[in-house]
Amino acid sequence: EGAMAVSGGLVSTAGEITIGDEGVGTWTQTGGTASAAGSVYLARGGAAASGTLAVTGGAFAQSGTIGALVVGEQGQGLLTLSGSGRVTVAGDGGLVLSGGTTGVGAVALGGGTLEVTRVQRGSGLGSFAFNGGTLRAAAAANPAFMSGLDVADVQSGGARIDSRSEEHTSELQSRQYL
């Protein structure tokens, strides 16, 4: 098991970050800035892997134009964003929920801002729960911005999607399937 807690300062790498490689990994961020130029993987090392990225403050970025943030690469991955936290994905792969067939990827957007080039499901199961916060299309967003999810759940906090050219507020009923 491994854990990383970021409350201030700067954490930066020109390479990749893996949270939960063949075990349980947790990254908790309440402040500061974290950045990886390469891809970021949650639950990468097999079906038994578990990885959680929880951002309530500060900024976490997958900053390279080639790469992705993969939630549930091969195991159980969870991205939670709340408070004033900000997660940015600049890579062409965008936010991928469940990279491999054994992957299960989930996003819980309860506050803050999630800015990505796209949201897509890989080969496994992928879900996205909206309960506040903003999902924002990055400057180089893919025309197929959100696709292939098993479940998109809009909870009482609502869903706010900023397409950069026009802002939309969803009034979908809870348990919307895409």
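The values are calculated or read from the model by the stated rules, or taken from the named source; none is laboratory data. Quick caveat, the model's predicted, so the values are computed rather than measured. Because the Cβ atoms are built from the backbone with ideal geometry, glycine has one as well, and the counts that use them run over all protein chains shown. In case anyone asks, the SASA skips ligands and DNA or RNA and just uses the protein heavy atoms, side chains included. Shrake-Rupley method; radii C 1.70, N 1.55, O 1.52, S 1.80 Å.
Laid out as a table, the results:
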| quantity | calculated |
| --- | --- |
| Among Ser50, Ser82, Ser165: highest mean-square fluctuation, GNM of the chain, C-alpha pairs under 10 Å | Ser165 |
| Kirkwood hydrodynamic radius over Cα pairs of segment 71-119, then Stokes diffusion coefficient at 20 °C and 1.002 mPa s, in µm²/s | 194 µm²/s |
| Solvent-accessible area per residue, Å², over segment 15-118 with all protein chains present [probe radius 1.4 Å] | 31 Å² |
| With every protein chain in place, the chain: carbon and sulfur % of accessible area (1.4 Å) | 50 percent |
| Rg/Rg_ref, the chain, where Rg_ref = 2.2 N^0.38 Å and atoms are Cα | 0.93 |
| Relative contact order of the chain, pairs being alpha-carbon contacts under 8 Å that are 6 or more residues apart, as % | 14 percent |
| Peptide ranges 68-74, 53-59 listed from the most packed, as the mean C-beta count within 10 angstrom indicates | 68-74, 53-59 |
